[in-house]
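A.B. asks: Below you'll find the structure I mean.
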Amino acid sequence: DAANRLSAAELVQVLRYMETRFDLFPDFLASLPSPGAEGTMKKRFKKGDMQGMVRAKTGTLSEPVAVASLAGYFRHEKHGLVAFAIIENGVLGRAQPGIGDLRARQDKALEALWDTL
């Protein structure tokens with residue numbers, strides 16, 4: 001449904017809100033997969049400065065366009081807990097990007113954010 005959409009900024013608002021819920025946040029954070037775990041986070045962020053510092057949920061769609069998202073938190077040595085959300089999608093009527101390519105770009109974008117903070 002086209003009306004059932006959240007922007008990356010709205011996802012970050014939800015994540016930041018959850019940080020204020022001390023009664024829920026520990027369990028909420030623990031529910032987010034970490035790199036090296038099963039599923040779509042298994043092969044992500046296993047090397048470099050971000051190793052062990054990311055908790056995130058992925059999402060993908062393939063119809064009607066390719067969509068890949070990554071949202072969660074990373075712990076930065078200088079800035080503490082940082083909420084983030086990245087949503088990428090293809091364009092209707094054009095060749096669709098591969099989900100693996102979208103995920104690789106998300107990883108690079110998150111690593112670039114880490115490096116610029």
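All of the numbers you see were taken from the coordinates with simple rules; none came from a lab. Here the structure is a predicted model, which means the values were calculated and not measured. Using ideal geometry, Cβ is built from the backbone for each residue, glycine included, and neighbour counts are taken over all protein chains shown.
A.B. asks: Which ones in region 74-114 are touching a residue at least 40 places away in the same chain (Cβ under 8 Å) and acidic (Asp, Glu)?
C.D. replies: Within region 74-114, ASP107, GLU111 qualify.
A.B. asks: On the basis of being within 22 Å of LEU15 (Cα to Cα) and more than 15 Å from the chain's Cα centre (by Cα), does ASP27 make the cut?
C.D. replies: Yes: the conditions hold for ASP27.
A.B. asks: Next up: Wholly within the chain, which strands (runs of 3 or more DSSP E) include no fewer than the required count, namely at least 3 residues that are touching a Pro at 6+ places or on another chain (Cβ under 9 Å) and surrounded by 11 or more Cβ atoms within 10 Å (Cβ to Cβ)? It would help to see each step written out before you state the result.
C.D. replies: Values: elements: 54-61, 67-76, 80-89.
In the chain, 54-61 are the strands (runs of 3 or more DSSP E) which contain 3 or more residues that are touching a Pro at 6+ places or on another chain (Cβ under 9 Å) and surrounded by 11 or more Cβ atoms within 10 Å (Cβ to Cβ).
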